[in-house]
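Asks: Encoded as structure tokens, here's the structure I'll be asking about.
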Amino acid sequence: MSNLFPLSVEGALTRRRGRVLVGPVDLKLDPTGTTMVIGPNGAGKTSLLRMLHGIARLGAGRINWACEEHEAQRHQAFVFQQPVMMRRTVQDNLAYPLRLSGVKRAEARDRAAVWAGKVGLGAMLTRQATVLSGGERQKLAIARALIRDPELLFLDEPCSSLDGRATREIEEILHGVAEVGTRIIMSTHDMGQARRLGTEVAFLLHGKVHEFAAADTFFPAPATAQARAFLNGDIVE
Amino acid sequence: MSDLLEGALQAFWLVFGRDPVLIEISLRSLRVTLTALLVACVIALPLGAYLAVRRFRLRRYVIAVLNALMGLPPVVVGLIVYVFLSRSGPLGVLGLLFTPTAMIIAQVIIIVPLIASIAHQALRELWSDYHDLLISMNASQGQRIRALLWDGRRALLTAALAGFGRGIGEVGAIMVVGGNIDHLTRVLTTAIALETGKGEFALALALGFILIAIAIGVNLAIHMLSGTEREGRW
């Protein structure tokens, strides 16, 4: 039984200094699958994720979770494009979300060690998180997001500054996460990654969801000329 | 120049001769300032973190006033504390005037704005890094403040040391509220002022060198104990 889904978004928009960053957006999301949010720079991918997660304030419209709004955020996690490393060790970074939920220190650290092992950071538990490489940081950020077992995971271009090997490692982690039933909403610039991971696609343009379709429908035959041009690598304005 | 040399020599003999008066006033200096520092940190560090995290209507003005209070004239603070603690003042009944407690109160008032301002500056930077993450993790206001205080502890150490520096070298306020009473409220700075007034420049200089040595020693000790500048540590 899902706490969050079905999710319906009705005319939601977010503004900054009077300017609409994204919206109005209307969406319906089911409890399973991986939604890839794609679109050109400035289309509003990050803003959409931030609005859905509640980091960006809703300027208008509604986001209807299956549970109360304040309850909904407890079942979600967010991985940022530039992973935020707390000034602590790897283990303490991982344990922090658990400590926030009231888990005892010893238990939180044990679970942190297990998760560090799962993402290949088991040998780095005592290392300061701020000295990790880009790929290691992103893996740590993903593990930290997953440690509270969220129902929904947002990822904002998690592989944008990583090389091929680190990207593959991250994708393997995300495959595993999706397999155990975690709902993923992820933005990306990498169409190969969108094809590999996505079960549905939201194509954004000028702050609006221009096209929303199953991945196996969208990629072979996008419905709009702009989406077709974007997939062909043309400049879409 | 001869006064300086004589002062250095006298300082050497005072220290290595374990002069009991010197030990007494040095320990009192440390006790007063470290106690004031502890109390000030308990007030100022959470205040700095709160101002970094919380947005409220008059926040900008509170920060501006706090910054302005960093330059609070100690002698004026001393005078105000004196008025409050004097026999006819609102807190006169406590009988604290001309006691080390009165000196601690004056020092706390002087160093709280300094520590809070430096802490706020340091934690504001950290908060801009942590803002989205902690909101995303659904951290409460108290949890956010605690995270900033813990993760920013090395920057906060600088704030505390600045407060210590201001406190240990302070003379105006503690002279007014302490009275520089021998064996009771005399500390290094007031003793220096007294010896200078008596024309005992060499002794005053000797006490000054010892004061500087104590300030440097405490700073070094705290830095070493907290592991600042260790590789890969914050």
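Asks: For residue A:60 paired with residue B:226, estimate the spin-label separation in nm (one decimal), with each label point 7 Å from Cα along the Cα-to-Cβ line.
Replies: About 5.0 nm separates the two model spin labels.
Asks: Still on this structure, I have one more. Report the residues of the range A:100-121 in range of a label on residue B:140: point 7 Å along Cα→C-beta, backbone N strictly under 19 Å from it.
Replies: A:100-105
Asks: While we're on this one: Given a 10 angstrom Cα cut-off, can you work out which residue in B:166, B:28, B:57 is the most mobile in a GNM of chain B?
Replies: B:57
Asks: Tell me the mean residue ellipticity at 222 nm calculated for the protein assembly as shown from its helices only (DSSP H runs of n ≥ 4, each -39500 (n - 2.57), averaged over every residue, nearest 500).
Replies: Per the formula, -18000 deg cm²/dmol.
Asks: What is the order of B:130, B:61, fewest Cβ neighbours within 10 Å to most? The partial results should precede the final answer.
Replies: On the way: B:130 23, B:61 9.
In order of increasing Cβ crowding within 10 Å: B:61, B:130.
Asks: Explain nothing, just the number: relative contact order of the range A:22-128, from Cα pairs under 8 Å at least 6 residues apart, as a whole percent.
Replies: On the way: 62 pairs, mean separation 19.8, N = 107.
Relative contact order, the range A:22-128: 19 percent.
Asks: Can you give the average number of partner chain beta-carbon atoms within 10 Å of each beta-carbon in peptide B:128-140, as a whole number?
Replies: Values: counts 0, 5, 3, 2, 9, 12, 4, 6, 14, 12, 11, 3, 1.
Whole-number average of other-chain Cβ neighbours for B:128-140 is 6.
Asks: Okay, moving on. Roughly how many whole Å is it from the C-alpha centroid of the range B:20-66 to that of the range B:71-118?
Replies: What the calculation gives is 13 Å, centre to centre.
Asks: For a quick check: sort B:103, A:191 by the number of other beta carbons within 10 angstrom, fewest at the front. Provide the component values of the computation, followed by the final result.
Replies: Working: B:103 32, A:191 16.
Starting with the residue having the fewest Cβ neighbours, the order is A:191, B:103.
Asks: Quick one: Cα centre-to-centre distance for the range A:93-135 and the range A:165-179, in angstrom?
Replies: 18 Å
Asks: With a length cut of 27 Å (Cα positions projected on each helix's long axis) and a Kyte-Doolittle mean of at least 0.5, go through chain B and give me the DSSP H helices that pass. Intermediate results must be reported in sequence, preceding the final value.
Replies: Details: long enough: B:20-53 (49 Å, 1.76); B:100-136 (47 Å, 1.01); B:201-226 (37 Å, 2.29).
Helices meeting the criterion: B:20-53, B:100-136, B:201-226.
Asks: Assigning unit charges at the beta carbon (Lys, Arg +1; Asp, Glu -1) and nothing else, what dipole magnitude in debye, to the nearest 20, does the protein assembly as shown show about its Cα centre?
Replies: Values: 49 positive and 39 negative charges, 161 e Å.
The dipole magnitude comes to about 780 debye.
Asks: Next question, about the same structure. How high is the relative contact order of the range B:2-226, in percent, with contacts defined as C-alpha pairs under 8 Å that are six or more residues apart? Let's see the in-between values first.
Replies: Details: 280 pairs, mean separation 74.9, N = 225.
Computed over the range B:2-226, the figure is 33 percent.
Asks: Quick one: among B:98, B:164, B:56, which has the greatest mean-square fluctuation in a GNM of chain B with alpha-carbon springs under 10 angstrom?
Replies: Ranking B:98, B:164, B:56 by mean-square fluctuation puts B:56 first.
Asks: Provide a whole-number value for the mean count of partner chain Cβ atoms within 10 Å of the Cβ atoms in peptide A:79-87.
Replies: Numbers: counts 1, 3, 0, 2, 1, 7, 2, 9, 12.
Mean shielding count: 4.
Asks: Now a separate question. Count neighbours as other Cβ atoms within 10 Å of each site's Cβ, and list the chymotrypsin sites (Phe, Trp or Tyr not before Pro) in the range A:1-105 that are DSSP loop with at most 10 such neighbours. All intermediate terms of the calculation are to be shown ahead of the outcome.
Replies: Values: sites: A:65, A:78, A:80; in loops: A:65, A:80.
When the chymotrypsin sites (Phe, Trp or Tyr not before Pro) of the range A:1-105 are filtered for loop state and at most 10 Cβ neighbours within 10 Å, nothing remains.
Asks: A follow-up question, please. Could you give the length gained by full extension between residue B:201 and residue B:67, i.e. 0.36 nm per residue of separation minus their alpha carbon distance, to one decimal place? Show your work: numbers first, answer last.
Replies: Values: separation 134, 0.36 × 134 = 48.24 nm, distance 3.60 nm.
That works out to 44.6 nm of additional length.
Asks: Over chain B, with a Gaussian network built from C-alpha contacts below 10 Å, which listed residue (B:140, B:86, B:117) shows the highest mean-square fluctuation?
Replies: B:140
Asks: DSSP beta bridges in the protein assembly as shown, what fraction antiparallel, as a percent rounded to 5?
Replies: Working: 18 of 35 bridges.
Looking only at bridges with both residues in the protein assembly as shown, the antiparallel portion is about 50 percent.
Asks: A further question follows. From other protein chains only, count the Cβ atoms within 10 Å of every residue's Cβ in B:151-162, then give the mean.
Replies: On the way: counts 5, 1, 1, 1, 1, 0, 0, 0, 0, 0, 0, 0.
For peptide B:151-162, the averaged partner shielding equals 1.
Asks: Under 1.5 on a/c is rounded, so check that first for the protein assembly as shown, then, if it is not, pick prolate when a/b is larger than b/c and oblate when it is not; a ≥ b ≥ c are the square roots of the alpha carbon gyration tensor eigenvalues. Working shown, then result.
Replies: Numbers: a/c = 3.25, a/b = 2.53, b/c = 1.29.
Prolate.
Asks: Under 22 Å Cα-Cα from residue A:28, which lysines qualify once same-chain neighbours fewer than 8 residues away are excluded?
Replies: Residue A:28 reaches A:45, A:208.
Each value in this text was obtained by applying a stated rule to the coordinates, not by laboratory testing. All values derive from a computational prediction rather than experimental measurement. Reconstructed Cβ throughout: ideal geometry from the backbone, glycine too, with neighbour counts over all protein chains shown.
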